[in-house]
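Student: Attaching a single structure in C-alpha cells format; questions to follow.
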Amino acid sequence: MSVELLSMMGGSLSGFVMKLIASQAQAQKEQFDRMLQKQVAADDSADRAAQRTGQAGVIVRRTIALCTLFAVIFAPFILAFFNEPVTIQADPKGGLFGFLFGNAFSRGNGWIELQGYVLLPEVRQTMLALVGFYFGSSQVK
C-alpha cells in the first residue's frame, strides 16, 4: 500500500470517528434538553395541582387531627368531671361484643352502661397514624 492511500484511509477513519463523537454529543445534548423540558412540565403540573386543592384539603386534615387529639387526650379529662355513664349495645347472645364477659352483663334490652370513657380502637389507630405521619415528616426536613 502506498503512503497516499494509507494517509487517505487514516484521514477518512479519523473524520468518521470525529463525526461519530460529534453526533453522539449532539444526541446527548438533545436528550438533556428534552429531559429538562419534561421536568419543567412536571413541575408546572405539580404547581397547578397544588393550587387546585387549595385550603380545603388542609382544613379537612387539620380538623381530623384536632378531633382525634381531642378524643384521645382531652376528652378523658373533661368527661371525668361528669358522672355520666356510657351506654353501649351488648351482644344479643349475652356477651359484650360476643367475646367478653359471657353472660355477666346480659340484660333483657341488649344495652349496658359503663362508667368511664370508651376509647374506640379506630380512634387509637388514627392517633398512631397521625403521630407517625407528623414525626416521620419532621425527620425529612
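The values are calculated or read from the model by the stated rules, or taken from the named source; none is laboratory data. Keep in mind that what you see is a predicted model, and the values were worked out from it rather than measured. So basically every Cβ, Gly included, is an ideal-geometry build from the backbone, and we count neighbours across all protein chains shown.
Student: Residues in the stretch 38-57 that are surrounded by 10 or more Cβ atoms within 10 Å (Cβ to Cβ) and not small (Gly, Ala, Ser): how many?
Tutor: Selection size over the stretch 38-57: 6.
Student: Sticking with this one: Residues being of a type in the set (Asp, Glu) and either at pLDDT below 65 or surrounded by 11 or more Cβ atoms within 10 Å (Cβ to Cβ) (or both): count how many of those fall in the stretch 93-131. It would help to see each step written out before you state the result.
Tutor: First pass over the stretch 93-131, keeping only residues of a type in the set (Asp, Glu): 113, 122.
Imposing the further condition that a residue be either at pLDDT below 65 or surrounded by 11 or more Cβ atoms within 10 Å (Cβ to Cβ) (or both) reduces the set to 113.
Qualifying residue count for the region: 1.
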